[in-house]
Amino acid sequence: VNVRDLAPRDLVALALDGDRRAVGRLLTLVERAGAESDLVAELTHPLSKRAPVIGMTGAPGSGKSTLVAKLVAAMVEARAQPAVLAVDPSSPLTGGAILGDRVRMAAIDDAAFIRSVATRGHRGGLALAIPGAVRVLDAAGYAPIVIETVGVGQVEVEIAATADTTVVVVTPGMGDAVQANKAGLLEVGDIFVVNKADHRGAGDTRRDLELMLDLSHVTGHQDASYRPPVVLTNALDGAGITEVMAAIEAHRRHLDRSGQRAIRRSLRARHEIATRVDARLRSRLGAVLDAPGQRQLIEDVAAGNVSTVQAAAQVTRLVLGAEGADRPC
Ligand SMILES: Nc1nc2c(ncn2[C@@H]2O[C@H](COP(=O)(O)OP(=O)(O)O)[C@@H](O)[C@H]2O)c(=O)[nH]1
Ligand SMILES: [Mg+2]
């Protein structure tokens with residue numbers, strides 16, 4: 001059968017049976033948004049097995065994809081069934097590091113599921129597509145789920161911040177740690193990786209990070225019972241990968257011991273609800289403003305006869321009318 005002809009309900013049943021094409025099709029539906037995406041969310045929500053979600057973030061070219069490939073290989077070796085969602089328009093996985101090594105990929109192809117998330121330039125859509133995709137992969141039995149995002153921009157940092165464990169990747173070089181700090185990554189990092197440790201200055205970058213972490217502990221940005229480790233890696237030859245795996249495991253234990261896992265999941269739920277409401281309000285606002293009835297109001301504001309404050313109040317009343325609340329976004 002062609003998965004394109006199947007309804008979401010049948011696709012979910014197949015995905016639970018391990019059908020990878022069904023999983024892929026569900027991810028496509030989730031990315032598209034709309035009624036079918038909402039249905040997939042409804043169907044997969046109760047099927048969650050609570051897979052750990054690991055965010056991998058950092059500047060383009062820092063070696064995230066190469067690191068993820070090594071981590072995935074290590075996870076598969078440890079008998080896990082990991083999934084990767086790569087949100088990186090600059091280096092799609094098909095042309096990037098992960099699929100570069102076809103021999104290694106063939107070995108992990110059976111166990112792992114790797115996917116580039118298409119965003120079609122609509123950054124806001126990511127905030128819904130990612131949790132939706134995580135739910136599909138979780139329901140299908142993949143764990144852990146690794147999300148690779150470029151660590152620049154609000155949405156990326158938000159996505160990173162809502163993973164259970166966030167790994168921030170920096171490279172040696174003048175001010176890389178400072179850049180990460182500016183992007184807000186220091187606050188969201190649970191584990192810091194200085195990749196390309198074969199380059200000069202890795203030790204300096206580690207020291208910079210440690211100093212900034214000291215500071216954030218003093219100012220209370222970080223959880224006092226947990227100190228994010230800084231790990232040096234060479235993603236090309238795999239040096240430090242074992243340490244990253246151990247750091248992820250240590251953070252997982254911390255999350256369970258401290259109750260932080262539940263707190264993070266609540267934040268994630270809150271964020272997703274807010275994003276869904278936001279999307280609905282926006283689409284309703286567009287419809288209201290484009291309706292023929294509002295043309296006069298807009299003209300009146302443009303001509304200076306009605307204030308924007310008054311017009312906004314009127315439009316808000318129309319937007320918040322109950323009608324449309326059940327419409328998918
Ligand atoms: N020298 C060196 N190069 C690396 C290392 N890790 C990744 N690279 C290279 O850096 C480039 C960018 O890697 P990629 O994984 O695509 O970075 P991403 O954009 O963060 O996903 C590629 O040419 C990699 O081969 C490393 O540890 N050392
Ligand atoms: Mg990449």
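Every read-out reported here was derived from the displayed coordinates using simple, explicitly stated rules and does not represent laboratory data. From a predicted model like this one, the values you see are computed outputs, not experimental measurements.
Using alpha-carbon positions, what is the distance between the centroids of the stretch 169-205 and the stretch 24-55, in Å?
So the two Cα centres are separated by 33 Å.
Which of the aspartates and glutamates could a cross-linker bridge to K196, judged by Cα under 14 Å and excluding same-chain residues fewer than eight apart?
Leaving aside aspartates and glutamates fewer than 8 places away in the same chain, those within reach of K196 are D176, D204, D237.
What lysines could a cross-link reach from K49, if we take a straight Cα to Cα line under 29 Å and drop same-chain neighbours fewer than 8 places away?
Excluding near neighbours in sequence, the set is K64, K70.
Rounded to whole Hz and in sequence order, give me ³J(HN,Hα) for the stretch 307-318 from the Karplus expression 6.51 cos²θ - 1.76 cosθ + 1.60, θ = phi - 60°, writing x for Gly and Pro.
Working through the residues one at a time gives 7, 5, 5, 5, 4, 4, 4, 5, 5, 4, 4, 5 Hz.
Convert each backbone phi in the stretch 244-254 into a coupling constant with the Karplus relation 6.51 cos²θ - 1.76 cosθ + 1.60 (shift: θ = phi - 60°), then list the ³J(HN,Hα) values in order as whole Hz, x for Gly and Pro.
In residue order, the calculated couplings are 5, 4, 5, 5, 5, 5, 5, 5, 4, 5, 4 Hz.
Quick one: which residues, 5 or more positions from F113 or on another chain, have an amide H under 5 Å from its amide H? H modelled 1.01 Å from N in the peptide plane, none for Pro or chain starts.
A83, V84
Based on the alpha carbon coordinates of the stretch 1-87, what radius of gyration and maximum Cα-Cα distance (Dmax) apply, in Å?
For the stretch 1-87, the Cα radius of gyration and maximum Cα-Cα distance read 15.2, 41 Å.
Taking the C-alpha atoms of the stretch 181-329, how large are the radius of gyration and the largest Cα-Cα span, Dmax, in Å?
Answer for the stretch 181-329, Rg first and Dmax second: 24.9, 69 Å.
For the stretch 225-289, what does the alpha-carbon gyration tensor say about shape, rounded, prolate or oblate, given a ≥ b ≥ c as the root eigenvalues, a/c under 1.5 as rounded, and a/b over b/c as prolate? If you can, show how the numbers build up before the last one.
Values: a/c = 5.17, a/b = 2.08, b/c = 2.49.
It is oblate, given that a/c is not under 1.5 and a/b is not larger than b/c.
Starting from the Cα coordinates of the stretch 176-241, work out the convex hull volume and express it per residue in Å³.
On the way: hull volume 5.2 nm³, N = 66.
Taking only Cα atoms, the stretch 176-241 has a hull volume of 79 Å³ per residue.
Taking amide H positions as placed 1.01 Å from N in the peptide plane, with prolines and chain starts having none, which residues 5 or more places from V169, or on another chain, fall under 5 Å of its amide H?
T57, G58, V193
Near the amide H of G63, under 5 Å away, which other amide H atoms are found, from residues 5 or more places off or on another chain, if H is placed in the peptide plane?
none
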